[in-house]
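In what follows, a single structure is set out as structure tokens and then discussed.
The values are calculated or read from the model by the stated rules, or taken from the named source; none is laboratory data. From a predicted model like this one, the values you see are computed outputs, not experimental measurements. Backbone-built Cβ (ideal geometry, glycine too); neighbour counts: all protein chains shown.
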Amino acid sequence: MELTILILLLPFFSFLILGIGGKWMSHRTAGTIGTLVLGTVAVLSYMTAFQYFSAPRLEDGTFATLIPYNFTWLPFTETLHFDLGILLDPISVMMLIVISTVSLMVHIYSFGYMKGETGFQRYYAFLSLFTMSMLGLVVATNIFQMYLFWELVGVSSYLLIGFYYTKPAAISASKKAFIVTRFADLGFLIGILIYGYYGGTFGFTPDTVSLVSGGAAMLPLALGLMFVGGAGKSAMFPLHIWLPDAMEGPTPVSALIHAATMVVAGVYLVARMFPLFIAYAPNTLHMVAWVGAITAFYAASVACVQSDIKRVLAFSTISQIGFMMVALGVCTSMNPHEGGLGYMASMFHLFTHAMFKALLFLGAGSIIHAVHSNEMSAMGGLRKYMPITHWTFLIACLAIAGIPPFSGFFSKDEILAACFQYSPVMGWVMTVIAAMTAFYMFRLYYGIFWGSEPLRTDSHSDTSHDTPHGNLEAAPCRPHESPLAMTFPLMFLAAVTCGAGFIPFGHFISSNGESYSIHLDPSVAITSVVVAIISIAIATWMYKNAKQPVADSLAKQFKGLHKAAYNRFYMDDIYQFITHKIIFRCISTPIAWFDRHVIDGLFDFLAWAANTTSDEIRGLQSGQVQQYAYVFLCGALALILLLIL
């Protein structure tokens, strides 16, 4: 396990080499360096996973928690100190596989997608930094180290979302992502400080906690504030507003952000702190479940009417992250047989979702590469021209819809089973959301690959392609399949999506660390599959053909609801109103007036008074000896007169 340090160092050095020396390299050289480094990281991650999971279990049936590297950076007390190191346990090793696999596919894919782009070397440097930050986050030995890499992930996302820095929309999106997550991270930091003070540790497990007076009452607050940070990173309602706009970055970046980095960081945080939630804040954990459910329903509702394919996938991600949060939140025990099933289900869905969501985004990039537009109105009938993209995209749609034998069926079924164990209400709510997922994904599928073909000319006006200047190259009359550099990752991820569901995931990861055999609940599984098939059938009926009279009729009949959903239920407008009309006008403006007129006025008055007084008395320091003698004699006479009188 000593080689695990290279998993962090290699992408860091890649970032330095490409960031500093990239301008002297060709595109091919820079891309090759970045890809080879990530390939090496992936190999090391797979070696680590093989060695870790093939090692004998401990006497209690769990895998050992290994810390191959750890040193104290800032000591405060014997138990409270900032450490930096590497922690290997089942979920961190699983995340190494997820991050390195998806990142490697994104690196390979970008060879074709980003070909000829200005800033190609800078792009690969940022990819390396992003990957290193997320890898450092998942192997952190304590919550403070996690926070350090957490902020690096935020910086990396800012750089990649704003990659097209000459494009105003990209600049706004990167700032929006950075600012929204900063507010959430403030809660995370306050929670860490409260936890450190009252818990006497920055560790992840209850056995490291040494409560001080009042600690039992304050730890739920600390864990709740930490979840606020996770909610911001994972785009939970109402802190989700940054993620749809993050689509302004290059599409491969969207795949990396949505599948393997950043948005799953919040889920990983809750999973990492799960023993503490169970021990000290079970009610807070259940609050996490309802926040996840509201988020999943909201995002699915919005995804049903979006026309930009990347935004459909963005809201799909928000909804699926909500599923993972719900699965963690419905846990009532560390025992998977007695209420801890959701933990395993959440991590299982994180794993499978990373693969098929990366496939969906990379497939979307292949489509955008062909038609030079994000809008479904510019698509239709593409299955004839892009067979590889079509079939791999269909596999991903079937997986996310929960159709067996694709991976999404197995992980989502476990989530639904955990929800029904917790509450029938929660179970049916999540079943309805799963049905909505199948509907909007096949609405997207038919809008892209079926339906009528739009009129395509030799010069196709475009303002929504990932390029910073819009239509850099004319779209061909007929779309064509993407090059091998782009289709190979699609085929690889499709193969993983087909087979990942058969992994005995519970044998490797469970809430208490013991081996857990996954058993499908027939009633839940049959219900979820039937509901998914019905939703797919409705989507087929409404969107397969060129004309869509049913969809158009519903849009007109429920015009207000359709418009509200299309505009994301005006959440961005609400934020604009709160910030500009209330905070800026009612709070910031009076404070600014007070600062300019009272604070500045006071100091201006003090400066004026000092200058005026000095002007009046500077004659006393004339330098004339006669004047000094005169003043001295007058003062002496005045003192004598005072003494006599």
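Here LEU394 qualifies as part of a helix (DSSP H, G or I), closer than 28 Å to LYS547 by Cβ and at pLDDT 90 or above. Can we say ILE321 is assigned to a helix (DSSP H, G or I) and surrounded by fewer than 24 Cβ atoms within 10 Å (Cβ to Cβ)? For ILE321, the condition - assigned to a helix (DSSP H, G or I) and surrounded by fewer than 24 Cβ atoms within 10 Å (Cβ to Cβ) - is not met. Go through the range 501-553 and give me each residue that's part of a helix (DSSP H, G or I), closer than 20 Å to CYS419 by Cβ and either in contact with a strand residue (DSSP E or B) (Cβ under 8 Å, 6 or more places away or on another chain) or among the small types (Gly, Ala, Ser) (or both). Hits for the range 501-553 are GLY501, GLY506, SER523, ALA525, SER528, ALA532, SER535.
Among all residues of the range 14-26, there is at least one that is more than 21 Å from LEU160 (Cβ to Cβ) and either out of contact with any Gly (no Cβ under 7 Å at 6 or more places or on another chain) or part of a helix (DSSP H, G or I) (or both).
Taken over the range 116-147, the criterion of being without any contact (Cβ under 8 Å) to a residue 60 or more places away in the chain and closer than 11 Å to LEU84 by Cα is satisfied by ALA140 alone. If the condition is being hydroxyl-bearing (Ser, Thr, Tyr), closer than 28 Å to ASP83 by Cα and surrounded by fewer than 21 Cβ atoms within 10 Å (Cβ to Cβ), then the range 18-53 contributes THR40, TYR46.
One residue alone among LEU87, LEU104 is at pLDDT 90 or above, under 17 Å from GLU2 (Cβ atoms) and within 28 Å of the chain's Cα centre (by Cα), and that residue is LEU87. Within the range 65-78, track down each residue that is surrounded by 14 or more Cβ atoms within 10 Å (Cβ to Cβ) and assigned to a loop (DSSP other than H, G, I, E, B). If the condition is that a residue be surrounded by 14 or more Cβ atoms within 10 Å (Cβ to Cβ) and assigned to a loop (DSSP other than H, G, I, E, B), then THR65 is the only one that fits. With respect to LEU36, determine if the residue is assigned to a helix (DSSP H, G or I), closer than 23 Å to ALA358 by Cα and touching a residue at least 40 places away in the same chain (Cβ under 8 Å). In short, no. Here the range 368-397 is the region considered, the condition is being in contact with a His (Cβ under 7 Å, 6 or more places away or on another chain) and not aliphatic (A, V, I, L, M), and the residue that is farthest from PHE409 (Cα to Cα) is HIS372. From the list GLY342, GLY365, the one residue that fits, being within 22 Å of ILE108 (Cβ to Cβ) and part of a helix (DSSP H, G or I), is GLY365.
When PRO454, PRO405 are screened for being closer than 24 Å to TYR113 by Cβ and not in a helix (DSSP H, G or I), only PRO454 passes.
In this structure, is PHE584 in the same structural domain as ALA299 (by TED's automatic domain parsing) and surrounded by 10 or more Cβ atoms within 10 Å (Cβ to Cβ)? No, not satisfied.
All conditions in (1) closer than 24 Å to ASN545 by Cα; (2) in contact with a Pro (Cβ under 6 Å, 6 or more places away or on another chain); (3) surrounded by 23 or more Cβ atoms within 10 Å (Cβ to Cβ) hold for THR389, with the sole exception of (2).
When ILE294, ILE278 are checked against the criterion of being surrounded by fewer than 23 Cβ atoms within 10 Å (Cβ to Cβ), in contact with a Ser or Thr (Cβ under 9 Å, 6 or more places away or on another chain) and either among the acidic types (Asp, Glu) or at pLDDT 90 or above (or both), a single residue qualifies: ILE278.
Pairs are defined by a Cβ separation below 6 Å, a sequence spacing of at least 6 or placement on different chains, a first member in the range 246-260 that is under 19 Å from ILE400 (Cβ atoms), and a second member that is among the hydroxyl-bearing types (Ser, Thr, Tyr) and in a helix (DSSP H, G or I); the pairs so defined are MET247/SER254; HIS258/THR317.
So which of PRO252, PRO275 is in a helix (DSSP H, G or I) and under 19 Å from the mean Cα position of the chain (by Cα)?
PRO252
Quick check: anything in the range 223-233 among the charged types (D, E, K, R), out of contact with any His (no Cβ under 8 Å at 6 or more places or on another chain) and buried (at least 24 other Cβ atoms within 10 Å of the Cβ)? For the range 223-233, residues among the charged types (D, E, K, R), out of contact with any His (no Cβ under 8 Å at 6 or more places or on another chain) and buried (at least 24 other Cβ atoms within 10 Å of the Cβ): present.
Taking the condition free of Cβ contacts under 8 Å to residues at least 60 places away in the same chain and not assigned by TED's automatic domain parsing to the domain that holds TYR446, does VAL270 pass? If you could, list the steps in order and put the result at the bottom.
On the way: free of Cβ contacts under 8 Å to residues at least 60 places away in the same chain: yes; not assigned by TED's automatic domain parsing to the domain that holds TYR446: yes.
Yes: the conditions hold for VAL270.
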